[in-house]
Amino acid sequence: MTQELPEGTVTILFTDVVGSTELTTRIGDEAAREVLGGCDDLVRQQFERHRGHEVKGTGDGLMVAFTSARRAVACAIDIQRAIVEQGRRDAARAVGVRIGLTRAKLFAKKKTSSGATVNAAARIAAEGDAGEVLVSEGVKIVLGAGTTVELEDRGETQLKGFNEPWRLYSVRWREAVGAGALGAPGRTPYVGRDEERAELRRRLNETLAGRGSLVMIGGEPGVGKTRIAEELMAEAGDRGMLALIGHCYEQEGSPSVYPVRGDARSCDENRGPGRAADRSG
């Protein structure tokens, strides 16, 4: 994790463990501190992967700053997936976490923020349920029309301490690509296509070994091309690989590289500022 905090307008991510007081009452102070500390460690693992900058801890949550709104939302999704997976592996350490994101100004040298707007991240998180990721309209705007993240409009909400209502959006991370790997509710287990999946897994192993290749999946509409690709992306993500999506539309005059333009932008964003020059062509 980069120790120096970014300065200027950033995306603030705020995590909050739901029912931390009840947890302490149920299992005692020491055991609760261990569970909450383990949850913080899990969150830190994710925001370090996404190059987040820890601003402060709150006792039952963390405040993290990101220079990229897309990386902030991707981190929030990965946090929720990791929390779900840990709860399945160890029910005794299962907790529910809600996450709020907003845009705010950060003053790195003073390690302070613009105040009210950062507090809004905590207020936004408080509007959510366990397992939910809520973002402000400002975050939605910065994500842009090209984002693959699906947002559900939650309407206007009156946040505590603010005169004007805020429009909030819920990130539908359970339906996001790869969520099926965690057996998320609403997504059926993938069955069948064993031969095709074995071939794709073999190609994935070759890629991990440094021998990449191009694989094309074809077939009539509705046969499951997208789903098998999603399952492969989920497995790639579980193995520490970066999986990106490019879209193409049938229209006259579309450039031949159009499908990979979104990939290139996302890849540059994930690699950080100043790294785009590394890409040739």
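The values are calculated or read from the model by the stated rules, or taken from the named source; none is laboratory data. This is a predicted model, so every value here is computed, not measured. We place every Cβ from the backbone using ideal geometry, glycine too, and count neighbours over all the protein chains shown. Just so you know, the surface numbers come from the protein's heavy atoms only, side chains and all, with ligands and any DNA or RNA stripped out. Shrake-Rupley method; radii C 1.70, N 1.55, O 1.52, S 1.80 Å.
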Across segment 140-162, what is the total count of residues that are modelled with pLDDT of 90 or more and in a loop (DSSP other than H, G, I, E, B)?
2
Kindly list, by first and then second residue, each pair from a residue in segment 139-152 that is open to solvent by 40 Å² or more (accessible area, probe 1.4 Å) to a residue that is in a loop (DSSP other than H, G, I, E, B), limited to pairs with Cβ atoms under 6 Å and residues at least 6 apart or on different chains.
THR148/ILE245; GLU150/ARG172; GLU152/ARG172
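Mind checking whether some residue in segment 180-195 is open to solvent by 70 Å² or more (accessible area, probe 1.4 Å) and modelled with pLDDT of 80 or more? Reasoning before the result, please.
From segment 180-195, those open to solvent by 70 Å² or more (accessible area, probe 1.4 Å) are 185-186, 188-189, 191, 193-195; that's our starting set.
Within this subset, residues satisfying the condition of being modelled with pLDDT of 80 or more are 195.
Within segment 180-195 (the criterion being open to solvent by 70 Å² or more (accessible area, probe 1.4 Å) and modelled with pLDDT of 80 or more), the answer is yes, since at least one residue qualifies.
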Hey, which of the strands (runs of 3 or more DSSP E) in segment 1-100, taking only ones fully inside, have at least 1 residues that are open to solvent by less than 30 Å² (accessible area, probe 1.4 Å) and modelled with pLDDT under 85?
8-18
Please specify each residue of segment 8-52 satisfying the condition of being over 23 Å from the mean Cα position of the chain (by Cα) and among the acidic types (Asp, Glu).
GLU22, ASP29, GLU30, GLU34
Of all residues in segment 205-232, count the ones that are in a helix (DSSP H, G or I) and out of contact with any helix residue (DSSP H, G or I) (no Cβ under 6 Å at 6 or more places or on another chain).
11
Note on segment 101-121: residues under 25 Å from GLU150 (Cα atoms), among the hydroxyl-bearing types (Ser, Thr, Tyr) and at pLDDT below 70 are THR117
